[in-house]
Each structure stands twice: as structure tokens, then as C-alpha cells.
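The values are calculated or read from the model by the stated rules, or taken from the named source; none is laboratory data. These figures come from a predicted structure and were not determined experimentally. As a convention, Cβ positions derive from the backbone with ideal geometry for all residues, glycine included, and neighbour counts pool all protein chains shown.
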Amino acid sequence: MGATVERLSGSCSGDDINAALETDGVVIVENFLAPDIVNALNEELQPYIDASKPREQKSMYDDFLGGYTVRLHGIAAKSSSFPDVLIDPRIMTVMDSQLKPNCTDYRLSSAELIEIRGGETAQPIHRDDDSWPRVAQSAAPLVVNVMIALSDYSAENGATVVVPGSHKWDRAREPKAEEITQAVMSPGSVAMFTGQTLHGGGQNVSGVPRRGLSVSYCHGWLVPVENSWLGVPLETVRTLPERAQSLLGYDLYDGTSRGGGLINMYEVGSPRSLLDG
């Protein structure tokens with residue numbers, strides 16, 4: 001029998017999710033978001049998806065991102081429904097447990113709309129923690145990903161490939177075929193996985209687009225994958241909940257309680273002062 005991903009109901013707690021992540025490094029929570037929120041996210045993001053233009057493949061990294069995949073950043077500026085998702089209490093509970101053992105606070109690493117279209121090849125299996133140098137790996141996981149299904153995720157249209165348990169593996173170990181599976185799920189469900197868990201976008205052989213929102217959180221002392229300061233206008237940030245503002249980088253990172261110092265300063269103070277202007 002092949003690998004399977006544990007599935008929890010939408011009524012589960014953040015503690016339930018954490019328990020599954022500790023065991024398998026990945027878990028699916030069914031019906032995590034209500035249908036009206038999923039519909040709103042799709043409607044608000046659709047104009048930007050329609051306006052997106054294909055990238056010209058010029059490098060190996062472009063191959064990694066996909067030639068038939070739409071990717072968008074700056075989601076907080078494109079969807080008014082997104083900030084409440086960003087600070088969902090269940091997600092915050094998970095991040096508190098997974099990340100705070102190695103930081104005093106965490107922040108948004110990246111919020112990325114990913115729509116895999118027909119003809120897309122499978123993305124190489126990888127670890128998200130590898131976005132940062134190996135010297136930081138002692139604080140793993142460096143990042144935790146929340147993959148939100150905004151459409152059906154099927155084996156044929158590119159559902160995320162995952163390797164349960166791989167977060168505990170030696171880095172040199174390669175997964176066998178029977179250790180690999182896919183996060184098949186319906187709109188509103190989420191797949192959460194740690195930065196040490198092997199995963200990748202699936203191959204789309206059906207021609208039916210697979211749309212998801214990948215929201216990842218990292219230690220507050222790391223440089224995030226996405227530069228939200230440039231991608232989300234300041235006037236938009238001012239309208240967001242305070243916790244969302246912090247996650248976008250508008251706070252000091254105070255590491256003094258752990259023998260560190262203050263980083264992410266602005267004018268010898270907190271970047272939060274920019275929000276008062």
C-alpha cells in the first residue's frame with residue numbers, strides 16, 4: 001500500500017494539526033475555509049490572473065516555476081479577503097508551535113497564487129527550507145506552508161506531490177515511488193507541510209487548471225522569499241489588522257530575550273511608525 005496523508009475535519013483545532021505535522025510533516029484539513037471565502041478569493045484574484053502574461057523560460061529556475069503555471073505575489077494588495085485568512089487563529093496556533101521554539105516571532109515568507117495549467121510538467125521534489133543557506137538549518141523548520149485549494153486538486157490536474165514523514169529523513173535519502181503521494185482535495189481544503197517535508201507541484205495532464213494559494217510563514221529573523229514591502233502598497237497595509245501588518249514586516253524583531261538584538265529597524269526604531277503617517 002502506498003503513502004497516505006492524514007486527513008482532519010474542518011472542525012479540528014490547531015493542536016490537532018500540530019500533532020499530525022509532528023508525525024508526518026504534512027496534513028490535509030478538509031473544508032478549512034468556508035465556500036463564501038473561497039469564492040471571494042477567486043473572484044478578487046481573477047482579474048489579475050486574466051491579466052498575467054507567460055514568463056519566457058530562460059533559466060533552470062524558470063523551469064522550476066513552470067512554463068504553464070501562473071504565479072502572483074502581493075496577494076494582500078489584490079484580495080481584500082486574504083488578510084483574514086493570513087491571520088486565521090488556527091494557522092497562528094500552528095505557527096506558534098512550529099516556529100516560535102526558534103524565534104520570538106514569525107512573519108509572512110510568501111503568499112503566492114499558483115495556477116497549474118494543462119501541459120505543465122511535474123515540479124522537482126524539494127524542501128522549502130532550502131530557500132535559505134544550510135547554516136540556518138539547525139533551526140528547522142525555517143518555514144511552514146499552508147497550501148489552500150481554490151479549485152479541485154486531483155491526481156490528473158497537478159495536486160501537490162508530498163512525501164509524508166520525509167521531514168525526519170537524512171537529507172541524502174531519496175523517496176521511493178511507494179513513499180510519494182498527492183494532496184488530493186476539494187476547494188476550501190488545505191494541505192499544511194513543514195519546510196523539511198519533500199513536496200512539489202504535480203503534473204497537469206487533464207488540461208483543467210489547478211488553482212491554489214500557497215501561504216508560508218518563516219522565522220522573523222529570516223529574509224522572506226517575497227518582498228512584501230514592495231509588493232503591497234503602504235496605503236493598503238494601513239487598512240489591515242495589526243497582526244497582518246506585523247506579518248508583512250511592519251514591526252521590529254526583538255531577539256533580546258534570546259541573547260540577540262533588534263533587527264528590521266527603521267530610523268532607529270520600528271517600521272510600524274510608517275503606518276502612522
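Structure notes:
- Candidate set from segment 209-231 (those that are touching a Lys or Arg at 6+ places or on another chain (Cβ under 9 Å) and part of a loop (DSSP other than H, G, I, E, B)); member that is nearest to SER110 (Cα to Cα): PRO224
- Some residue of segment 103-113 being of a type in the set (Lys, Arg) and at pLDDT 95 or above: yes
- Segment 42-52, residues that are in contact (Cβ under 8 Å) with a residue 40 or more places away in the chain and out of contact with any Leu (no Cβ under 6 Å at 6 or more places or on another chain): ILE49
- Qualifying residue in segment 113-127 (condition: surrounded by fewer than 16 Cβ atoms within 10 Å (Cβ to Cβ) and of a type in the set (Ser, Thr, Tyr)): no
- Subset of segment 11-43 [closer than 27 Å to LYS168 by Cβ and in a loop (DSSP other than H, G, I, E, B)]: CYS12, SER13, GLY25, GLU30, PHE32
- Residues satisfying the stated conditions in segment 39-54, i.e. among the aliphatic types (A, V, I, L, M) and either touching a strand residue (DSSP E or B) at 6+ places or on another chain (Cβ under 6 Å) or surrounded by fewer than 15 Cβ atoms within 10 Å (Cβ to Cβ) (or both): LEU45, ILE49, ALA51
- For segment 227-255, the candidate set comprises residues that are under 28 Å from ASN39 (Cβ atoms) and touching a Leu at 6+ places or on another chain (Cβ under 7 Å); within that set, the residue that is surrounded by the most Cβ atoms within 10 Å (Cβ to Cβ) is LEU247.
- If you filter segment 150-185 down to residues that are part of a loop (DSSP other than H, G, I, E, B) and in contact (Cβ under 8 Å) with a residue 60 or more places away in the chain, you find that the one that is nearest to ALA111 (Cα to Cα) is LEU150.
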